[in-house]
Every structure is written in structure tokens, then in C-alpha cells.
Amino acid sequence: MNATALAVALCLASAVTYAAAAVAQERLARAAVARSAGALLGNGAWWWSAGLNAAAALLHAAALRYGPLTLVQPLGALTLVAAVPLGARGAGRRVAATEWRGTLATVAGLGLLLLPASGPAPDDTLTLTEALAVSGATAAVIMLLTVRGDVRSGLRHATASGLASAAASALTQTVTVAGGRGGALFSVRVIAVALLVVVFAVGGMLLSQRAYRGGLGAPLAVVNLANPLAAAAIGMVLLGERLQGGVAGIVLAVAGAFAAGRGVMLLTRTTPGTQASAPTALPSRHVAA
């Protein structure tokens, strides 16, 4: 199995695991369990969802060792595709026709995006200065997005979560690539960047938990759009990553982005029965998966 195929396989496993965690987090939010940090820390189901997030993050980190950000991050949108049937099953309903159309459009769009994004295994990494700059800029934007706490702040928190996850992915790639080189694993740069990864990964999970108070579809879609766009920008500006195939590659990427965007928009539409089956309580030992 070549590096690109391995990266794709790891991404698929990560997406399914992230989807299970997102469905569990959304159920907790709708059951009013996620109203405070103390309530979350005392709930066994939240810890289970946190464990799923951690497992998904490890799979994602492994994918970043073998594939560039421009390849790995777009595949994160498959989390939304996996979450649709998982969420429907947890709500006790069938997946609607609109959701199936959105799923097909998203998969087709991702396929087109993968063709020009399938570059060589990553070799370049962020310097410590670049890592600190990315972290500072991301933190500043997150603060601007979340400073207001009104009831309609779900999509802003979802955007902030996507940006935090993108920063964590870019920093993770530096850790996995630089740490894999002889003698670099315990360097000051790798250790410092690894600590930043933990901060942004945990922050992204908590921000998404806040976003899911208004439902799963739209916030998760926003997370999966903001994440790859921000990560691709970091990869192209600081890591020298480029789309393959010249003009044809750009055309495919644009077509893929359009199809995936259309699919995401379809998936964010509320379908009949979504709210009717919302649970009123969630036992601490159970998650929807």
C-alpha cells in the first residue's frame, strides 16, 4: 500500500470515529447535559465521546504522517457523511432522500478534490516561529468568534471549532514528520508544538460541544468546511503544498469543491422527524453510535 492509499484509509477510519463522537456529543447537548464544564466532567457518556475523539485524532495524526494537508483535510468532510446515518439511527428514523442526495454529492465532490490533492508524502514542517504564529492567529480569530454568547452563536462556535482543528492538524503534521526523523522526537520544537496540538485539539472538541446545542447537521457541516479550508491555506502558504495537474487540477478541485459544497448544503437541511425523536435524557453509559 503506497503512502497516499494508507493516508486515505486512515482518514476513513478517523472520519467514522469522529462521526460517532459527534453524534454522542450532540445527544448530550440536546439532553441539556452539556450546560457546564462540571456537568460534562461528571458524565460517563461525555468521557466516552471524548475517548472516541481521542481515537479519531490518533488516526488522523497517523494519516498526516503519510499524506499532505491538502489531501487529508478534505477527507474530514466524510465525518458528516458518516454522521448522517448514525444520527438517524440514534433518533429512531430513516435517512431522508435529501440526506442521501447530499451524501452522494459530497462523496463525488471529495473524489474530484482528491485527484489533484494526492501529492507525495509530506516532508516540510513548520518552524517553531511559524507554529507560534499559526497558533496566535488562530487563537485570536477564535476569541473574536466566541466573545459573544448569544443563543444563535452555534455556527460561530462551529467555525471556531473547525479553525482549532485545522491548526491542530497542521501542528500535528509537524510533530509526526519532524518527530519521525532521527533524534528529533524530543527536540524543543517538537515538544512545544505537541503541547499546542493538545490545546487546540481539546479546545476544538469543547467548541464543537457548545455548537451542537442547536443540532448536529449545520454545525458539523460548518466544522467540516472551515477545517479543510484553513488547513489547506496553512499547507499552501507555509508548507509548500500545491495541487497537482496544473490548470486541469485546479478545474477538478473547483468542480469538486462545488459538488461537495452542494452536498453539505443538502445535508444541513432539517428533515422530518429529526426533532421529533430527540431524546429527553441520556444514560451515562450510553452513546449513539
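Numerical summary
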{"read-out": "Check on A96, hydrophobic (A, V, I, L, M, F, W, C), at pLDDT 80 or above and out of contact with any Gly (no Cβ under 6 Å at 6 or more places or on another chain)", "value": "no"}
{"read-out": "Criterion: open to solvent by 20 Å² or more (accessible area, probe 1.4 Å), modelled with pLDDT of 80 or more and under 14 Å from A63 (Cα atoms) - qualifying residue of V141, V147, V175", "value": "V175"}
{"read-out": "Residue count for region 196-229, restricted to those that are over 10 Å from the mean Cα position of the chain (by Cα), modelled with pLDDT under 80 and either outside any helix (DSSP H, G or I) or among the small types (G, A, S) (or both)", "value": "5"}
{"read-out": "Boolean, L163 is surrounded by fewer than 16 Cβ atoms within 10 Å (Cβ to Cβ), modelled with pLDDT of 90 or more and in a helix (DSSP H, G or I)", "value": "no"}
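The values are calculated or read from the model by the stated rules, or taken from the named source; none is laboratory data. Computed from a predicted structure; not experimentally measured. All Cβ positions, even for glycine, are placed from backbone atoms using ideal geometry, and neighbour counts span all protein chains on display. Heavy atoms of the whole protein, side chains included, go into the accessibility calculation; ligands, DNA and RNA do not. Shrake-Rupley method; radii C 1.70, N 1.55, O 1.52, S 1.80 Å.
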